[in-house]
Amino acid sequence: MLWAVSKFMHPPECFCLPHAWLEGFYGTVGFARIEDDDAPPHLQKRLAESRRKHPQLIVMRRPAKCRDETG
């Protein structure tokens with residue numbers, strides 16, 4: 001299902017804030033872990049707030065043109 005949804009991701013780039021144990025899962029559609037400071041400011045704020053309850057959250061980014069995309 002993630003692969004099907006990823007085909008509709010066409011903004012300049014996408015970010016997600018998954019639990020660390022999902023890094024490989026999101027990696028299958030082109031997301032890669034980045035440093036917290038490399039995330040947009042609004043996501044850094046959301047991450048800081050969310051980590052109070054879920055300290056294992058990470059930041060991942062998917063570039064605008066992912067190598068796994070066709071067409």
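Quick note: the coordinates plus some simple rules give every number you see, no bench work behind them. Computed from a predicted model, the values in this text were never measured in an experiment. Neighbour counts run over all protein chains shown; Cβ positions are idealised from the backbone, glycine included.
General remarks:
- Additional length obtainable on full extension of the chain from Gln44 to Phe25, 0.36 nm per residue less Cα span: 4.7 nm
- ³J(HN,Hα), Karplus 6.51/-1.76/1.60, whole Hz, each residue of the range 36-41, x for Gly, Pro: 3, 5, 8, 7, x, x
- Proximal charge balance of Arg52 [Cβ under 13 Å; K/R count +1, D/E count -1]: +3
- Residue order for Lys53, Lys45, fewest other beta carbons within 10 angstrom first, comes to Lys53, Lys45.
- Available extension along the chain between His54 and Glu13 is 12.3 nm, counting 0.36 nm per residue and deducting the alpha carbon span.
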